[in-house]
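Trainee: Attaching a single structure in structure tokens format; questions to follow.
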Amino acid sequence: MPVAVLSSPLMGEEDLEDDDFGLAASEEPDPLDADNFNSVEYINRQFPNEASLGGLDDFVEKLKARQKHNDEDIRLAIRRQAASGRRARADLDEAKSAVRELFERIKAIKAKAEQSEELVSDVCRDIKSLDIAKRNLTLTVTALKRLVMLVTALEQLRTLGSCRKYEEASRLIHAVDELAGHFRELSHVNRVADLLEKKSAILDDLKQQLMDDYVSVLGGPVRHELPEDWGTSAAFCVDALGPAMRREVVTQFCLRILEDYKDIFQPPKEASGLETAERRFSWLDRMLHKYEEKYASVFPELWRVPCSLCEHFCHVTRQHLVEILSTSHHTVDPELMVRVLRKSIDYENKLARKYPVDDLPATRDVQPDAVDYTTGAVGFGLKYPDVLGKPAKSQKQSAADAAADDAQFAPRFRGIISECFDAYLSSWVQHEERQLLEVLAATGSSTDKITTQYDESHEDEDEGGSGCLYASAPSLFAAMKMSMNKCSGFSTHNTLFDVFKVFQKVMAQYVDKLSKRLPDSITAPLDASTVKAVCCVIGTAEYCDETMPVFAEQLLRVISSDFEDRVTFSQEQELLGNLMHRANQVLVQSVNCSLDESFMKMNRTNWEKFAQEVGDHSAYVGEISEQLSKHFAPVAASLSKIHYRFFCDKFVQTFVKRYIEEIYKCKKISEQGAQQLLLDTTLIKTTLLETPVVAGNGGKMQTAYSNYVLREMGRAETMLKVLSSPDVVDASSVIAMLGDDRPAAEISRLLALRATADGEHNMFAGNEDDRYGSSNMTAIGSTMKNFGDSLNQTGLKASEDLKKNFMDMKKNVHKLGFGGVNLPSFGGRKAGSSSGGPQ
């Protein structure tokens, strides 16, 4: 245990504060001070065995000494705490006293600050009043000085103006404007208002005097002799008076020069007509040359007097032309009017190039010397030049204002004369329409030459070829292109669109004229010349149909974008497509009429009692072959390949349909007669396949055509095989051979053709169960059904071939524009079913 150092009971408060209770610091922590002290463990640690109990008394003494030391420490701490409380109260009282004293001092300072603020406010108020008084006095003195200077300057300006000292006057004008600007807000004062009116009157007199002087330059009355350098000094004065004065001087000068022009060309003078329009431009050229020789030294180059003269000339000329056209545009020669218009456009472009608007800012880069008001005021004897100060506008600002003024009144030469013709160009459009119609009327059916043109628009040789067309078509398009080029030279807006509408009208009439060259009705085959004429109609329509889109593109390149959506020949192309379709039908009907006699021979044959041996074709078959070869040749020679193929497609559709109808017209057909017809049909099929190739000089036909002939004539052969069967054939066998889509009426009509030996002609006269359930017909029905399946397979193969070439033919058909052509269907059809024809 550490030895306690006891303090005396008589120790003071300061001793208590400094005393550390006399405790020696222990290097090791006392186990008794541990937080988890356990008395039992501590005692067991001190006395682990019985032998250690011998030191028990000493241990107890140490504990008592420790207890006494702790009691002393507690007593000293209590005394120290009591002493600290008394001292804290004393310090608090002392602090309160200091705070009270501080508040008193602050209150005194605040009172003094308020007194100082009142004093400063009074001083500032007095200073402000003095400052306002000084400023008002200064402004008043300055205003009086400026008023004196303005009065003096006005008198000086009047004197200088009357003496024609324009250069000095120009300096005073700037000073007067500057001084007057300071009094505009005081215009309600009578004296100031009178002074401003006096200033306006002096300037007006000066302006009028300048105008009179410039008039005298052109030979007017001379009131005073002008000095040699008058022009330069007067220009300074005019510029000082502002851009409006300069424009007025230039305008009056130009109008006086144009008086002679009006005396010569003013309507209704002899030289005012359109035929003398070129003399107007020649007059202006001479006048510009005269100006350069005589008047160029009078006017500064920056004034651009020649440009203004040209502009006024154009305006006067426009007025003259409007007056002439408004009274005589119905009787004037349209070609003369267009010629004058083109000459006006050329001259406008010439003036626009000679006096470009872009040069206006460049002319403002060179400015006259800036006016020094103070120096000028001293030079003119004006008092108080210091009150003038700087100009209201800087030199750069004045130049910018002048440039903006010039830009506002910049001349516009393009269209200034030519635009007046727009309202009267309808007569020229009518003139062009009459000329095109005359070209159209000159090409009659007897005078219109036939020419051959090779179509190079197709890369494939089988798609192109040469074809006949009328020479009037290229001539008509050449005339239309000439009108378009002529009009685009002077108008690309309403007039050109009106010309386009004339083109539409002319093309519609041309289509109608071509349509009248086709025969109205076909009752007999056409001769070779008529066939060639019809082929020329097709070729001409094709030429026009291909040329019009190209012509429209050329027109779109020159016409205004406002009309792009309305420039189209779609209606005219539709008329041409209908015309080609109708002409092709005429050729088909012509060839079809040539077969009337052959089919009449076929119908006059008694097929019911036909008993000849089948070995050679009938006589009508040879005639059909001969007629087809005879009429196909001129068509192939006059049509392009694509139109020739289309003709063949349309003809074979018509022929197959008619041939089947002719078979039904035979009424009754015996077994041997059916065999003969079957042989004839095979030969006719071969003729249909070979004749277009031979007539076309060996040109191949498309696979679609061959497939169609094989398929459709194969159906006719199937019908005849039904009729040539040696045994009775029931309806179910016929359905299996012809296809399920055939109606019962057609099957009944086919079986009605059959002629039997016992005189029974109607296969549907008995019971339906007998027709479909007779055992003696089972073998025959099965055999014919197998034969029909074979034909169906052949038809499927032909359909696949036709589908393979469908896309090519579809492209050609749409190119021709035939709306009545039905393309074959390739989906959902069974072999042996009817189809529309090759395309």
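Every read-out reported here was derived from the displayed coordinates using simple, explicitly stated rules and does not represent laboratory data. Remember, predicted model here, so these are calculated numbers, not experimental data. Neighbour counts are summed over all protein chains in view; Cβ atoms, including those assigned to glycine, are modelled from backbone coordinates with ideal geometry.
Trainee: Please report Rg (one decimal) and Dmax (integer) in Å for the Cα set of segment 139-192.
Mentor: When restricted to the Cα atoms of segment 139-192, Rg and Dmax are 12.0, 35 Å.
Trainee: Next up: Which order do the peptides 32-39, 134-141, 197-204, 476-483 come out in when sorted by mean C-beta neighbours inside 10 angstrom, highest first?
Mentor: 476-483, 197-204, 134-141, 32-39
Trainee: OK, next. Based on alpha-carbon positions alone, could you give the equivalent ellipsoid semi-axes of segment 188-347 from the gyration tensor, as √(5λ), descending, whole Å?
Mentor: Numbers: eigenvalues 306, 72, 36 Å².
Over the Cα atoms of segment 188-347, the semi-axes work out to 39, 19, 13 Å.
Trainee: How long are the semi-axes of the ellipsoid equivalent to segment 25-149, from square roots of 5 times the Cα gyration tensor eigenvalues, in whole Å, largest first?
Mentor: Each semi-axis is √(5λ); the values are 94, 22, 8 Å.
Trainee: Grab the Cα-Cα distance for residue 126 and residue 353, subtract it from 0.36 nm times how many residues apart they are, and report the gain in nm with one decimal.
Mentor: Details: separation 227, 0.36 × 227 = 81.72 nm, distance 7.16 nm.
Gain on extension, residue 126 to residue 353, equals 74.6 nm.
Trainee: So which of 449/630; 128/198; 516/665; 665/700 end up more than 28 Å apart by C-alpha?
Mentor: 128/198; 516/665; 665/700
Trainee: A further question follows. Percent of Cα-Cα pairs more than 16 Å apart in segment 461-539, please.
Mentor: Looking at segment 461-539, the distances longer than 16 Å represent 64 percent of pairs.
Trainee: Next question, about the same structure. What percent of all Cα-Cα pairs in segment 91-163 falls in each 10 Å bin, counting up from 0?
Mentor: 15, 16, 15, 13, 11, 9, 8, 6, 4, 2, 0
Trainee: If you wrap segment 572-730's Cα atoms in a convex hull and average its projection over all directions, what's the area in nm²? Can you show the working numbers first?
Mentor: On the way: hull surface 41.9 nm².
If you wrap the Cα atoms of segment 572-730 in a convex hull and average its projections, you get 10.5 nm².
Trainee: If each residue of separation counts as 0.36 nm, what is the full-extension length gain between residue 339 and residue 286 once their alpha-carbon separation is subtracted?
Mentor: 16.9 nm
Trainee: Let me know the charge dipole size of segment 575-630 about its Cα centre in debye, to the nearest 20, where only the beta-carbon of Lys, Arg (+1) and Asp, Glu (-1) is charged.
Mentor: Taking the Cα centre of segment 575-630 as origin, the dipole is about 260 debye.
Trainee: For q = 0.12, 0.14 Å⁻¹, what log10 I(q)/I(0) does segment 485-592 give under the Debye formula with an equal point scatterer on each alpha carbon and no solvent?
Mentor: Relative scattering, expressed as log10 I(q)/I(0), comes to -0.50, -0.62.
Trainee: Based on the alpha carbons, how large is the Rg to Rh ratio for segment 165-215 when Rh follows Kirkwood?
Mentor: My calculation of the ratio gives 1.06.
Trainee: Can you list the residues, at least 5 places off or on another chain, whose amide H is less than 5 Å from the amide H of residue 669, using H built in the peptide plane?
Mentor: Those lying under 5 Å, H to H, from residue 669 are 754, 755.
Trainee: Right, here's the next one. How fast does segment 564-627 diffuse by Stokes-Einstein, in µm²/s, taking the Kirkwood radius from C-alpha pairs at 10 °C and 1.306 mPa s? Please report the intermediate quantities before stating the final value.
Mentor: On the way: Rh = 15.7 Å.
The calculation lands on 101 µm²/s.
Trainee: Follow-up question, since we're still on this one. Treating the Cα atoms of segment 53-107 as identical point scatterers in vacuum, please give the log10 of the normalised Debye intensity I(q)/I(0) at q = 0.15, 0.20, 0.22, 0.26 Å⁻¹, two decimals.
Mentor: -0.65, -0.79, -0.84, -0.93
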